[in-house]
1. Scanning the stretch 152-184 for residues that are under 25 Å from G254 (Cα atoms) and among the acidic types (D, E), which turns out nearest to the ligand (Cβ to nearest atom)?
2. Let me confirm something: among Y249, Y327, which residue is touching a His at 6+ places or on another chain (Cβ under 6 Å) and not charged (D, E, K, R)?
3. Among the residues of the stretch 134-145, write down those that are farther than 24 Å from T257 by Cα and open to solvent by less than 20 Å² (accessible area, probe 1.4 Å).
4. Using the structure shown, decide if L20 is of a type in the set (A, V, I, L, M) and more than 30 Å from R282 (Cα to Cα).
5. What number goes with the only condition from (1) within 16 Å of the ligand (Cβ to nearest atom); (2) modelled with pLDDT under 95 that S301 does not pass?
6. Of the residues E149, E187, E203, which single one is more than 14 Å from the chain's Cα centre (by Cα), within 16 Å of the ligand (Cβ to nearest atom) and open to solvent by 70 Å² or more (accessible area, probe 1.4 Å)?
7. Kindly list, by first and then second residue, each pair from a residue in the stretch 214-227 that is without any contact (Cβ under 8 Å) to a residue 60 or more places away in the chain and among the acidic types (D, E) to a residue that is outside any loop (DSSP other than H, G, I, E, B) and open to solvent by less than 20 Å² (accessible area, probe 1.4 Å), limited to pairs with Cβ atoms under 7 Å and residues at least 6 apart or on different chains.
8. Among the candidates L62, L101, L52, L105, which residue alone is within 19 Å of L155 (Cα to Cα) and at pLDDT below 95?
Amino acid sequence: MKILVVGGAGYIGSHCVRQLQQAGHAPVVLDNLSFGHRKAVAPEVPFYQADLGDQPEVEKILRNEKIEGVMHFAAFAYVGESVTNPLKYYFNNVAATLHLLQAMLNTGVSKFVFSSTCATYGVPAKLPITEDLPQQPINPYGQTKLDVENVLKNLATAHGFSSAAFRYFNASGAAEDGTIGEDHTPETHLIPLVIDAALGKRENIAIFGDDYDTPDGTCLRDYIHVDDLARAHIAVFEKLADPGTTLFYNLGTGTPTSVKEVIQAVEKVSGKKVPTVIKERRAGDPPALYANAEKAQKELSWKIKFPDIHGIIKTAWKWHSNHPEGYQDR
Ligand code: UFG
């Protein structure tokens, strides 16, 4: 398959490009490099540096490259920033996506895989989270993703457009060979920050609240390996053959892991002690978010390769310890 990977130089996108190559497909990358890293994409992969808002350029790429389907990873994803600067999120995550979808309609490309998020559920009505729970985002970031999910349903009805939206839980880990991995500026995610503390790049790791109603008092999350996410994106394409298909899947492992358990796992994998400090709860953090991950595993030819947090952290450790400054392109 010839797949346009939008945001293909970003964390999840670049792992997807790698998996597409390994599965014998032909990825083409579109990325404006505002957050992505050129070095995260192999030189042999066709690479277009452009904005999604440049619809004529996107249409040209779709036509010239004879694209059969699109995977869309390009989005802003800082929950706190989405609260203080919502328009930035609506312009980038919704408006720019509308241009991409219009470009696809104009060029007759009608298969689309979209990065959604567990943040669309807000504070979930029950746990583990199944796909049919009410979606009530509690921040603009989650709302922008839900808005696009709704647009996709409308496009299926109106134009026979076929799509799958994956609601990610906590993407984590790195390529097994340690050559690509997570490099955000600023970094806010737990696992890379704990690894930085183990590497001595920061004095300690702050635990945001240890008084939650959870077994050890710290928040529970569902960490899923980025390559497992990537493989699900490829597996879902065979389900998009029928016009007007609209699919929604959680992508998690279904295993809740606490902040303290993540820290212990990093200590075990790295053999280093990680100093911790207890801080206030971080605004907007639900106590527990974890998936019922059965639907995707039942319906897609997809199996989780990294069910255990230690296996995930091993790959992250390999990347970060070999590239303590990331891609060094900023
Ligand atoms: N945490 C700390 N200390 C830190 C950083 C994080 O204790 O220095 C805690 C957080 O409070 C949270 C857990 O570690 O309980 C995980 O935090 P992350 O920031 O790594 O991930 P989130 O669960 O907050 O965010 C993820 C995705 C977002 C998505 C969100 C949905 O990264 O894109 O889930 O709630 F929006």
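1. Checked the stretch 152-184; the qualifying residue nearest to the ligand (Cβ to nearest atom) is E182.
2. Unique residue meeting the criteria: Y327.
3. Answer for the stretch 134-145, where residues must be farther than 24 Å from T257 by Cα and open to solvent by less than 20 Å² (accessible area, probe 1.4 Å): T144, K145.
4. yes
5. That leaves (1) as the condition not met.
6. E203
7. Taking only residues 6 or more apart or on different chains, the pairs are D216/S258.
8. L52
The values are calculated or read from the model by the stated rules, or taken from the named source; none is laboratory data. Keep in mind that what you see is a predicted model, and the values were worked out from it rather than measured. Neighbour counts are summed over all protein chains in view; Cβ atoms, including those assigned to glycine, are modelled from backbone coordinates with ideal geometry. Protein only, heavy atoms only, side chains kept; ligands, DNA and RNA dropped before computing areas. Shrake-Rupley method; radii C 1.70, N 1.55, O 1.52, S 1.80 Å.
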